[in-house]
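K.L.:
The structure is given below, and queries will be raised subsequently.
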Amino acid sequence: MLVDMHLHEKTFSPDAFQELKQMVEVAKARGLDAICITDHDSMGLKNFAEQYSRETGYPIFVGVEFFSLQGDITAFGIDSIPSERIDAQSFIDYVLQCGGVCFSCHPFRNNNRGLEENLKSVKGLTGIEVLNGSTLYDANKKAFEYCSELQLMPIGASDAHDLDQLGKYATWFPNMVYTLDDFVKEIKKGISKPAILGDNGYNVVDSI
């Protein structure tokens, strides 16, 4: 299963320029088996996305990109988010208590929104975005190195805010799933690889 694990939809991410129905069409055309909506500090699209997923038979998993005091963390398997910014460890602990999973997204991007060296001090992260479509090569490479050192799951994601970027990077999982609960269970198995979209489809990679 190939999944773009970090996408923004315009209804609840003001800096996005794509709407869900278009995103599904483009994702299918580019060979993705599922997409994740991770809007900024909002899970407002959850009910609509779940309904649309049932109607189309195409898996759409809604999580969130939460801006902790130390940087952005994407999370899946929670029903709500804290009402204010809290530190990264407190948010990770909350996600784990809910039975969810969380990832450090773009940890070394030069926008002061990544966990950076906090990766080595926080506990309980499931994985790290080692390929982020809006992040420079050197920052992604550094994320790869930290992910390997910390023995966390490597994740690929486009972080797309528009349709052109959607699917640039993705994550490979060994099994196909259709519900958020099953997606979280699949993630917890700890088997994933990042993938890069090329002219002939996706190439799964172990490094860059």
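K.L.:
Which lysines have a Cα lying under 21 Å from the Cα of K21, excluding residues fewer than 8 positions away in the same chain?
P.N.:
The reachable lysines, counting only those whose Cα sits under 21 Å from K21, are K10, K46, K168.
K.L.:
Let me ask you something else. Looking only at the chain, where both bridge partners belong to it, what percent of the DSSP beta bridges are antiparallel (to the nearest 5)? Working shown, then result.
P.N.:
Working: 18 of 33 bridges.
If we restrict to bridges inside the chain, about 55 percent are antiparallel.
K.L.:
Follow-up question, since we're still on this one. So for the pair S148, K28, with labels modelled 7 Å out along Cα→Cβ, what separation do we get in nm?
P.N.:
3.9
K.L.:
Using the Kirkwood formula on the Cα atoms of the chain, what hydrodynamic radius do you get, in angstrom to one decimal? Intermediate results must be reported in sequence, preceding the final value.
P.N.:
Numbers: mean 1/r = 0.0605 Å⁻¹.
Kirkwood hydrodynamic radius for the chain: 16.5 Å.
K.L.:
Still on this structure, I have one more. Would you mind estimating how fast the range 107-208 diffuses translationally, via Stokes-Einstein at 20 °C and 1.002 mPa s with the Kirkwood radius over Cα pairs, in µm²/s?
P.N.:
Values: Rh = 14.2 Å.
Estimated diffusion coefficient is 151 µm²/s.
K.L.:
Need one number: nm distance between label points at D181 and C98, each 7 Å from Cα along Cα→Cβ, rounded to one decimal.
P.N.:
In this crude spin-label approximation the distance works out to 1.7 nm.
K.L.:
Is the shape of the range 35-106 rounded, prolate or oblate, going by the alpha carbon gyration tensor and its root eigenvalues a ≥ b ≥ c, with a/c under 1.5 for rounded and a/b larger than b/c for prolate?
P.N.:
On the way: a/c = 2.21, a/b = 2.10, b/c = 1.05.
Prolate, since a/c reaches 1.5 and a/b exceeds b/c.
K.L.:
Right, here's the next one. So what is the relative contact order of the chain, in percent, for Cα pairs below 8 Å that sit 6 or more residues apart? Numbers along the way, then the final one.
P.N.:
Working: 490 pairs, mean separation 44.9, N = 208.
Once normalised by length, the contact order is 22 percent.
K.L.:
Determine, from the Cβ-Cβ distance of D206 and K120 and an R0 of 22 Å, the FRET efficiency 1/(1 + (r/R0)^6), rounded to the nearest 0.05.
P.N.:
On the way: r = 22 Å, r/R0 = 1.00.
It comes to 0.50.
K.L.:
I would also like to ask the following. On full extension of the chain, what length is gained from D162 through E50, given 0.36 nm per residue of separation minus the C-alpha to C-alpha distance? Intermediate values should be presented prior to the final figure.
P.N.:
Values: separation 112, 0.36 × 112 = 40.32 nm, distance 2.10 nm.
38.2 nm is the gain from fully extending D162 to E50.
K.L.:
As a check on your grasp of the helix formula, calculate [θ] at 222 nm for the chain: sum -39500 (n - 2.57) over DSSP H runs of n ≥ 4, divide by the residue count, round to the nearest 500. Walk me through the intermediate numbers first.
P.N.:
Values: 5 runs with 54 residues, N = 208.
The per-residue figure over the chain is -8000 deg cm²/dmol.
Here, each number is a calculation from the coordinates, and none is a lab measurement. Please read these numbers as outputs of a predicted model, since none were measured by experiment. Neighbour counts are summed over all protein chains in view; Cβ atoms, including those assigned to glycine, are modelled from backbone coordinates with ideal geometry.
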